[in-house]
């Protein structure tokens with residue numbers, strides 16, 4: 001039995017924690033919940049995505065392409081630390097794998113990359129963290145990633161679901177700590193309702209939107225949403241964490257910063273979640289849940 005509420009979120013690369021769930025994690029942290037970030041790779045394959053760091057037509061710091069890539073890779077960990085501090089994570093755990101890059105590229109074949117890792121070993125690394133922190137609630141990527149099937153994102157889902165099952169099973173990894181069964185497993189999701197609301201707000205406030213017709217025509221997973229967290233007062237966590245990833249995020253990008261935090265909260269104050277697994281009660285049939293720890297708080301309080 002855990003003596004505190006703990007929320008653990010699993011991400012593929014540095015900067016994913018900023019774009020997926022930062023306001024929710026900041027809100028729970030401010031409420032006294034112990035928050036844990038697990039980042040599975042070091043983001044070594046990330047290119048320099050911020051044009052403001054490079055003078056027009058000039059290489060970054062005068063470096064050759066390979067040298068630039070190495071420098072950017074070395075900056076990912078400090079950026080992650082800065083972003084995690086903005087959000088307010090109590091712990092940051094690196095799972096220790098190399099960025100796999102995109103499918104069918106040379107990095108995807110690197111023996112140290114996450115995609116090539118032994119599945120049971122990778123699950124064991126996550127199980128050890130779940131058991132040590134006694135995390136009742138886990139957040140991971142969903143089972144439908146057709147929109148962005150990055151190998152590392154797919155593997156995050158795979159190991160998280162197995163870790164949820166195996167963390168409480170004494171037959172799995174007996175050397176990795178006392179078994180502890182998490183109570184709830186959530187999938188992160190960007191709903192179509194959110195995309196449309198932000199698109200319309202961008203047009204209202206700036207006259208243009210970065211969301212193409214292709215984006216707007218995508219099938220949504222709105223019907224699967226079970227839980228909505230009001231993040232009105234915590235949008236700053238997303239904004240600040242994104243800006244902390246200076247090599248990866250253009251501070252002038254309308255995609256991320258076209259709306260102020262206040263405008264975003266008015267347009268769509270929610271972060272949406274899909275409750276995929278629960279051992280503390282039935283999964284809601286609609287999106288009526290407003291607390292990721294519903295059904296969990298009572299057991300800790302007692």
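Read-outs throughout are calculated quantities, based only on the coordinates presented, and are distinct from any laboratory measurement. These numbers were taken from a predicted model, which means no experiment stands behind them. Note that each Cβ is placed from the backbone with ideal geometry, even for glycine, and that neighbours are counted across all protein chains shown.
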Q) With a ≥ b ≥ c the root eigenvalues of the C-alpha gyration tensor of region 1-118, is it rounded (a/c under 1.5), prolate (a/b larger than b/c) or oblate? A) oblate
Q: Determine the shape class of region 50-120: with a ≥ b ≥ c the square roots of the Cα gyration tensor eigenvalues, call it rounded for a/c under 1.5, and otherwise prolate if a/b is greater than b/c, oblate otherwise.
A: oblate
Q. Bin by bin, in steps of 10 Å, what percent of the Cα pairs in region 134-258 do you find, going until the bin that has the longest distance?
A. 10, 28, 37, 17, 7, 1
Q: Would you mind giving the average projected area, over all directions, of the Cα convex hull of the chain in nm² with one decimal?
A: 16.2
Q) Can you give the FRET efficiency for residue 196 and residue 104, using 1/(1 + (r/R0)^6), R0 = 45 Å, r = Cβ-Cβ distance, to the nearest 0.05? A) 0.85
Q. Taking a point 7 angstrom from the Cα of residue 66 along the C-beta vector, which residues in region 20-43 have backbone N less than 13 Å away?
A. none
Q.
Quick check: the distance between the Cα centres of region 154-192 and region 62-84, to the nearest angstrom?
A. 30
Q. Order of 232-244, 94-106, 5-17 by packing, highest average Cβ count within 10 Å first?
A. 5-17, 232-244, 94-106
Q) For the modelled label position 7 Å from the Cα of residue 230 along Cα-to-Cβ, which residues of region 268-285 have backbone nitrogen atoms closer than 15 Å? A) 268-272
Q | Largest-first ellipsoid semi-axes for region 162-210, taking √(5λ) over the Cα gyration tensor eigenvalues, angstrom | A | 46, 9, 7
Q) So for region 199-302, Kirkwood radius off the Cα pairs, Stokes-Einstein at 4 °C and 1.567 mPa s: how many µm² s⁻¹? A) 80
Q | Shape of region 49-182, Cα gyration tensor, a/c cut at 1.5 | A | prolate
Q) In percent, what relative contact order does the chain have, based on Cα pairs under 8 Å that are 6 or more apart in sequence? A) 24
Q. Across 5 Å bins from 0, what is the distribution of all Cα-Cα pair distances for region 11-68, in whole percents?
A. 4, 15, 18, 15, 13, 13, 9, 7, 4, 1
Q: Compare the peptides 171-183, 70-82 by average per-residue count of other Cβ atoms within 10 angstrom and give them in order, highest first.
A: 70-82, 171-183
Q) Once both labels are modelled 7 Å past Cα along the beta-carbon direction, what's the residue 90-residue 260 spacing in nm? A) 3.4
